[in-house]
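Below: the structure, in structure tokens.
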Amino acid sequence: MQAFPASDRDDDVLRLHDICTSDVCDLLQGYGLALECVADGAAIPGSYWGEPEAGLIGHTVYVRGDTPVHSLLHEACHLIVLPPERRRAVHTGATDSVEEEDAVCVLQSLLGDALPGVGAARILADMDRWGYTFRTGSARGYVEGDAARAWRWLAAAGLVDADTRRLLRD
């Protein structure tokens with residue numbers, strides 16, 4: 001998976017200001033995370049790729065209204081897959097593991113299904129629009145056909161049921 005520079009990205013993606021922020025807060029709280037919204041035009045703390053991409057510091061995902069929902073979910077998933085004691089040390093960069101990155105790409109689509117009015121299909125399409133690349137040609141192709149190791153990784157972490165490919169939630 002690879003992301004392209006911001007100048008090559010499509011602006012026709014779902015943004016935080018397009019959905020209910022309280023739904024996102026509720027979703028993240030279920031994983032012990034917080035959402036922090038910064039003012040439009042302000043720098044996003046902990047953003048690896050720069051604005052409008054989401055940022056990470058500790059247990060908090062930082063966003064603006066123009067942050068793409070797929071970015072918010074991707075960064076949140078980096079924290080979700082980490083044990084709570086490792087989350088405290090996160091600032092901007094969450095992993096250097098290819099396996100974890102692959103698992104995060106799968107998990108972010110599942111969290112899209114957990115948000116009213118969003119859905120996995122929209123998250124996967126937005127990942128393609130934004131410039132994620134997969135050898136199968138699309139995010140959906142990756143999740144549905146090429147991500148067996150990522151599904152196993154998520155199952156071993158207790159985050160998904162490998163048989164049904166669904167989130168495990170309380």
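Comparison of Asp128, Asp146 shows that the only residue that is out of contact with any strand residue (DSSP E or B) (no Cβ under 8 Å at 6 or more places or on another chain), closer than 25 Å to Ser47 by Cβ and open to solvent by 30 Å² or more (accessible area, probe 1.4 Å) is Asp128. Selection over segment 125-139 of residues that are touching a Ser or Thr at 6+ places or on another chain (Cβ under 8 Å) and more than 19 Å from Trp49 (Cβ to Cβ) gives a count of 0.
Taking each residue of segment 51-76 that is farther than 19 Å from Glu101 by Cβ and looking for partners that are surrounded by fewer than 19 Cβ atoms within 10 Å (Cβ to Cβ) and charged (D, E, K, R) with beta-carbon atoms closer than 6 Å, six or more apart or interchain, yields Pro52/Asp66; Gly58/Arg88; Thr60/Glu36; Tyr62/Glu36; Arg64/Asp40; Gly65/Asp40. Reported count of residues in segment 73-104, each being closer than 20 Å to Trp130 by Cβ, in a loop (DSSP other than H, G, I, E, B) and in contact with a helix residue (DSSP H, G or I) (Cβ under 8 Å, 6 or more places away or on another chain), is 2. Of the candidates Ala43, Ala39, the single residue that is more than 19 Å from Arg88 (Cα to Cα), out of contact with any helix residue (DSSP H, G or I) (no Cβ under 7 Å at 6 or more places or on another chain), free of Cβ contacts under 8 Å to residues at least 12 places away in the same chain and surrounded by fewer than 23 Cβ atoms within 10 Å (Cβ to Cβ) is Ala43. Of the set (1) over 20 Å from Ser47 (Cβ atoms); (2) without any contact (Cβ under 8 Å) to a residue 40 or more places away in the chain, all apply to Arg88 but (1).
Taking Gly65 as the residue in question, decide whether it is in a loop (DSSP other than H, G, I, E, B), small (Gly, Ala, Ser) and open to solvent by less than 50 Å² (accessible area, probe 1.4 Å). When the stated conditions are applied, Gly65 passes them. Selection of segment 93-115 for residues being at pLDDT below 90 and surrounded by fewer than 17 Cβ atoms within 10 Å (Cβ to Cβ) yields Gly93, Thr95, Asp96, Ser97, Val98, Glu99. The set of residues in segment 115-168 being closer than 20 Å to Tyr31 by Cβ, in a loop (DSSP other than H, G, I, E, B) and of a type in the set (D, E, K, R) consists of Arg165 alone. When His70 is tested against (1) assigned to a helix (DSSP H, G or I); (2) farther than 20 Å from Gly46 by Cβ, only condition (2) is not met.
The values are calculated or read from the model by the stated rules, or taken from the named source; none is laboratory data. Note that this is a predicted model, so its numbers are computed, not measured. Every residue, glycine among them, receives a Cβ derived from its backbone with ideal geometry; neighbour counts consider all protein chains shown. All accessible areas refer to the heavy atoms of the entire protein, side chains included, with ligands and DNA or RNA removed. Shrake-Rupley method; radii C 1.70, N 1.55, O 1.52, S 1.80 Å.
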